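> Below are the structure tokens for one structure; questions will follow.
None of the figures in this text is laboratory data; all of them are computed from the coordinates on show. Worth saying up front: this structure is predicted, and the values here are computed from it rather than measured. Positions of Cβ are backbone-derived with ideal geometry, glycine not excepted, and every protein chain shown enters the neighbour counts.
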Amino acid sequence: MLMNTTPINGWINLYKPLGITSAYAVGRVKRLLPKGTKIGHTGTLDPEAEGILPLAIGEATKLVQFLMDARKTYRFKIQFGAKTDTADKVGKIVATSDVTPTEEECYAICEQFTGEITQTPPAFSALKVNGVRAYDLARQNQEVILQPRKITIFKLKCIGYDGVNRTATYEAECSKGTYIRTLAEDISLSLQSLGFVLELARTIVGMFDTKNSIELADLEVNNEGEALLLRPYQILGIDSILVDIPVLDIDDAAAYKVRCGQLVLLSDLIQGSQEYDLRKTLGSSPREIIWLRHTSKLLAIGKLCQGRFDSARVFNL
């Protein structure tokens, strides 16, 4: 396979298939990159889940946290009539119910779970308890006690119902930290039944969605044996996830201060462009997140605080 050694910085909108871990998917892509290239993902998908797994390449890895905080949308199917120890189809059935909610009830319950709600993470989760992953303790049949947390369901709608097979399909737009398996269990309990996740797909992560996603097979090899991954149209710009964050174009002097870690005042950033409508661009927040652009390239991201720019990340592009 022919490999390009040119540094790569940007994003890949990968669609992870069923049956493999997120780590395995990342590993397959990493083999296509120039040796030493950094790569990371923005939120694990279990082998039983498919969907959008944005990959950060090179300097884009410095922005992973910003995307992890973004809203996500999931499509999931609930199987009514049973509860499993993992809250999905691969788990062991631990309880059953004869109750099957009606179609009307499945649609009406959405309002109850929209907005800020309290959710207790499942025992089979990646959260740590005294330094140990909760799912490792659960697999050893040890008691796992996790504290409830506030999460936000921005939108929830029922998009399908099958009374014969006792299933209902939902779509949820939610905040960081939402556990869809727990949401499915809670919906089932509120419908006076039991349920677990039969199918799960992540369809949107921030600005990434299924419309322009790429399958693993499409990344790897073409007829000439060349890595398709290295084609420009498959790499999204490093600043593509910053479209909703205010940006300031700065001059060489300000850029030098930022790169050297020197104190950067707001006057340094807007010097020579006093007509710039700063209030409109940056909003009213005294700690507004902004990013700086120099010679058409992302230079840094950080916050404005007390008249200065506090850099969170500086990029080497």
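> List every residue whose amide H lies under 5 Å from the amide H of residue 161, counting only residues 5 or more places away in sequence or on a different chain, with H placed 1.01 Å from N in the peptide plane.
Close amide H contacts, sequence-distant or interchain: 169.
> Let me ask another. Counting other C-beta atoms within 10 Å, which of 158, 174 has the fewest, and how do the rest follow? Show your work: numbers first, answer last.
Numbers: 158 19, 174 22.
So the residues, fewest neighbours to most, are 158, 174.
> Moving to a separate point now. Which of the lysines could be linked to residue 150 by a straight reach, that is with a Cα gap under 29 Å, when you skip same-chain ones fewer than 8 residues away?
16, 62, 72, 77, 83, 89, 92, 128, 176, 303
> In whole Hz, what ³J(HN,Hα) sequence does segment 25-30 give by Karplus (6.51, -1.76, 1.60; θ = phi - 60°), x for Gly and Pro?
Once rounded to whole Hz, the list reads 4, 4, x, 5, 6, 4.
> What are the aspartates and glutamates whose alpha-carbon lies under 16 Å from the alpha-carbon of residue 38, with same-chain residues fewer than 8 places away excluded?
Reachable aspartates and glutamates: 59.
> Using the Karplus curve 6.51 cos²θ - 1.76 cosθ + 1.60 with θ = phi - 60°, work out ³J(HN,Hα) for each residue of segment 209-219 in order, rounded to whole Hz, and write x for Gly and Pro.
Values per residue, Gly and Pro as x: 9, 6, 4, 10, 7, 10, 7, 4, 4, 6, 8 Hz.
> Let me ask something else. Per-residue HN-Hα couplings for segment 300-317, Karplus 6.51 cos²θ - 1.76 cosθ + 1.60 at θ = phi - 60°, whole Hz, x for Gly and Pro?
7, 9, x, 10, 8, 8, 6, x, 10, 9, 9, 6, 9, 9, 10, 10, 9, 10
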